[in-house]
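One structure is given below, encoded as structure tokens.
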Amino acid sequence: MPENRPPMNPVVHIPLPFAATAVAVDAHCAHAALASPGGGGLHVVDLENVTAQAVPSSAQADTHPAALRWHGRWLCAAGEAGARLDVWDAENGLALAHSLGMGGMAIRSMDVDPATGRAVLLLKPQAAAQGGSHAGHTGQPGCLAEVDLASGQLLDEAPLPEGMWPCVAYGSAGGICVAGVARAERAERGKGGGQGRALALLSGSACSRLRSLEIAALPGTDMLIPAFIALAGGACVVAAASFQRQAFYVKEGGLDGGVPWQELRFADERCLALAAAARASVLALTEAGDAPGSLWLTNLLQPAQRLRLHGTPLCMDAQAGRVLVSADQSLTLLA
């Protein structure tokens, strides 16, 4: 990390009547959508004037962090345990613009392409995708779906290879990347039987979209399961974990070239979220048991900068060089 970069400092601290389990900020980091647990629906907070309003028809919105995204005028959230995608228009009084059923599938993760305003959804069969933050790790087939947020139209759908695919992300150049544990054929067919497994990424350019994704294996495949992925400035970071350990993997120069994968160590803390930040850097939100959590800022292969937080962090989102962190019953905006 450049030595002259100042540490991130708190700008606004906002107490809340609930613990926000998912947050999404607009492009200017002036407003934030919050998901409240227990069927409380979504709320939008003005971070400058500290005022809030309820989002209409959002009582059944999901409350896990991957279920809420904000792009331009469009606020989108998974609803009814992922069985529906709801899209609200922030430029029209948060009116509900679209509500799309998933046809027996459930949204496991989603992200929005900043270049086109299209959302890519990682879908699993509904029965497989229910049951908490690690739901969907069943090996049942899933698929990717691409939705145009302005029209509400389903543009494309493509199956995923057999395996566990829990997270998806768009890169700054519009590329699609999906992290998961794929099944890999043994080197010698017929000897030993069965299939091995490899921690892998599926990647595709913006022009190839969903149907030409290629697998790129990651190192350290000792049954780590990826939980988060972030792409920034041509580099990719994946946070993966098992019951024994956690690892962060980073690669620069594209998934099919450039430098080899390297393991990036922040600390022996559990990752709660990854987010792309400005200047090709990545934010990681971590926790360590009952101790206060930490926010890490790194430009990938340089030493990470650490900011200790007050309270137990839950989730975060980043835009315009700022990051909003939900911890306990409060929001903290840092810049």
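Rule-based calculations on the coordinates, nothing more; no lab input. What you see is a predicted model; the values in this text were computed from it and never measured. Using ideal geometry, Cβ is built from the backbone for each residue, glycine included, and neighbour counts are taken over all protein chains shown.
Site pair Ser57 and Thr116 shows an inter-label distance of 2.6 nm when each label is modelled 7 Å from Cα along Cα→Cβ. When you count the other C-beta atoms within 10 angstrom of each residue and take the mean per peptide, 45-54, 112-121, 68-77 line up highest first as 68-77, 112-121, 45-54.
A quarter of the convex hull surface defined by the alpha-carbon atoms of region 41-95 gives 3.8 nm² as the mean projection. Gain on full extension, evaluated as 0.36 nm per residue between Arg306 and Arg245 minus their Cα-Cα distance, stands at 19.9 nm. Calculated on the Cα set of region 1-131, radius of gyration then Dmax: 15.7, 51 Å. Near Thr21, the amide H atoms lying under 5 Å from its own belong to Ala35; only residues 5 or more places off or on other chains count, and H is placed 1.01 Å from N.
On the beta carbon distance between Asp156 and Val259, with R0 = 45 Å, the FRET formula returns roughly 0.90.
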